[in-house]
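For reference, the structure discussed in these notes is given below.
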Amino acid sequence: MLTERQELILKTIINDFTQTHEPIGSKTVMNQLPIKVSSATIRNEMAALEEKGLLEKTHLSSGRVPSTEGYRYYLDNLLEPLQIPSSVYQKIVSQLDQPFHQVNEIVQEAAKILSDLTNYTAFAEGPENSDLTITGFRIVPLFNRQIMAILVTSDGNVHSQVYSLPYNVHGDEVEKAVRMINDKLVGKDLSEITPTLLNQTLGKKLTSNHVSELIDLVEDVINDAASEQMYVDGQINLLNNSSYDDVSNLRSLYELIDHNDLISNFVDDKINSERGKYPVRVSLGSELSNDLLRDYSLLTAEYSVGSHGKGIIALLGPNNMPYSQVIGLLEYFRNELAKKLLEYYGRFK
C-alpha cells in the first residue's frame with residue numbers, strides 16, 4: 001500500500017494526464033496538491049512510485065505518466081465517480097424520451113447515446129428474458145424464391161430473416177407450415193420450442209421432401225429471437241484512440257468489433273468476472289485477452305429490468321480516459337436505461 005501522500009500524488013498525476021495526455025512534472029503536481037509539499041519532496045515521491053511500477057518516465061521529458069499498474073491501483077483504491085453535469089442528464093433524458101416500438105430500438109439507441117456522449121465505441125445488449133412467448137409467425141414472399149420469415153414475441157419485438165427456398169418447396173407447403181406454427185406454437189415459451197418439438201409439430205404433417213429445411217428455417221428464426229443482439233455504435237472512434245500505423249492492424253480491430261458473437265462473449269466474460277467496488281468494471285488493455293486492444297480499456301456495466309432479465313452496456317476507449325467521469329456516466333446511464341425498459345414492458349401488462 002502507498003502512503004496518503006503518495007496516493008495524492010498518483011491521483012493528481014492520473015487526473016492531470018487524462019486531461020492533457022502529456023507527461024506530468026513535479027511543479028505541476030505541487031500546484032495542484034491540497035497539501036503543501038516542496039517540489040523536491042514530490043520528485044522523491046514520484047521516483048518511489050516509479051520504483052513500485054506505478055509511474056513511468058518518458059524519454060521525452062522529466063515528467064511521469066501512469067503505468068498500467070498505476071491505473072489499476074487508482075481504479076481499485078482511489079477512484080471516485082463524478083456526478084454527471086445537468087447538460088448531460090438532459091441529453092440522456094431527451095434522447096430516451098422517444099416513442100419506441102421495440103425493445104431492440106431502445107437498446108440500439110442506448111449504444112448511440114453512449115457513443116455520442118463519450119466519443120468512444122459503445123455496446124449495448126438487451127435483457128435476456130427467459131419468459132418470452134411467440135405471439136405470431138408470418139412468411140412474406142419476396143422475389144427469386146426468397147421469403148422473409150417474421151416472428152413476433154410477447155415483448156413486442158419483431159424478428160425477421162430472409163431465406164432462399166429450395167426449388168422443390170412449393171408455396172402451399174410453406175403456407176401450411178405457417179398455419180401449423182400459429183396453431184401449435186403461438187403462446188409457447190421460446191425455451192420450450194426445441195428441434196424435437198418442431199419435428200413433432202411439422203415433420204409428421206408436411207409431405208415435402210424438404211421438410212427438414214423448413215424446420216431449420218423456423219428454428220433459425222426462433223434462435224434469433226431467443227438470443228439478444230449486441231448493438232455497437234461509434235466504431236469510427238477507434239481511429240481517434242488508436243496508435244496503430246499499420247492499416248492491417250486497424251482492419252483487424254474493426255473486424256473484432258464487428259464480430260457480434262466475439263464481442264458479446266468478450267463483454268459477458270467481464271460482467272461475470274469478480275465484482276469490484278463499483279457496478280462498472282474496468283479492464284485495462286494489458287488485462288484484455290486480445291493484443292489488438294492493448295491501447296484500450298473496456299468498461300462494462302450490467303443493468304437489471306426486474307423479472308424481464310438483465311442487460312449489458314459497455315464502452316471501449318483509450319487507456320488514459322477520464323475514468324471518474326466515464327464511470328459516473330455509466331453508473332447513471334444504466335439506471336436510466338433500466339427505467340426506460342421497465343416503462344416499455346409496462347405497456348404489455
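Carbon and sulfur: what percent of the chain's accessible surface (1.4 Å probe)?
On the way: 8200 of 17580 Å².
C and S atoms contribute 47 percent here.
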Inter-label distance, nm, simple model (7 Å from Cα along the C-beta direction), Asp131/Leu78: 4.7
Å² of accessible area per residue within the chain, as computed with a 1.4 Å probe and no ligands counted: 50
Point-to-point label distance, Thr194-Asp268, nm (Cα→Cβ direction, 7 Å offset): 2.0
Tensor-based shape of the stretch 17-63 (alpha-carbon gyration tensor, a/c under 1.5 rounded, otherwise prolate or oblate): oblate
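Can you pick out the pairs among Lys11/Lys36; Lys112/Lys310; Lys184/Lys340; Lys91/Lys339; Lys112/Lys188 whose Cα atoms lie more than 23 Å from each other? Mind dumping the intermediate values first?
Details: Lys11/Lys36 16 Å; Lys112/Lys310 19 Å; Lys184/Lys340 33 Å; Lys91/Lys339 16 Å; Lys112/Lys188 33 Å.
Over 23 Å Cα-Cα: Lys184/Lys340; Lys112/Lys188.
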Positive-end extreme of charge dipole, the chain - chosen from Met30, Ser62, Ala110 (charges on Cβ): Met30
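Which whole number in µm²/s is D for the chain by Stokes-Einstein, with the Kirkwood Rh taken over Cα pairs at 10 °C and 1.306 mPa s? Mind dumping the intermediate values first?
Details: Rh = 23.3 Å.
Here the translational diffusion coefficient equals 68 µm²/s.
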The stretch 69-172 - percent relative contact order, Cα under 8 Å, separation 6 or more: 17
Backbone HN-Hα couplings from phi across the stretch 187-193 [Karplus 6.51/-1.76/1.60, Hz, Gly and Pro as x]: x, 8, 5, 4, 5, 7, 8
Exposure ranking of Met230, Met1, Met30 by accessible area [1.4 Å probe, largest first]: Met1, Met30, Met230
Column: log10 I(q)/I(0), Debye, Cα scatterers of the stretch 135-188, q = 0.17, 0.26, 0.30, 0.32 Å⁻¹: -0.55, -1.06, -1.21, -1.27
For the stretch 308-325, 3J(HN,Hα) per residue [Karplus equation, 6.51 cos²θ - 1.76 cosθ + 1.60, θ = phi - 60°, Hz, x = Gly/Pro]: 7, x, 10, x, 9, 10, 7, 9, 10, x, x, 4, 9, 6, x, 4, 4, 5
Under 5 Å, built H, 5+ apart or other chain: amide partners of Leu55: Glu50, Ser67
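The values are calculated or read from the model by the stated rules, or taken from the named source; none is laboratory data. No experiment lies behind these values; they were computed from the predicted model shown. Using ideal geometry, Cβ is built from the backbone for each residue, glycine included, and neighbour counts are taken over all protein chains shown. Surface areas here come from the heavy atoms of the whole protein model, side chains and all, with no ligands, DNA or RNA. Shrake-Rupley method; radii C 1.70, N 1.55, O 1.52, S 1.80 Å.
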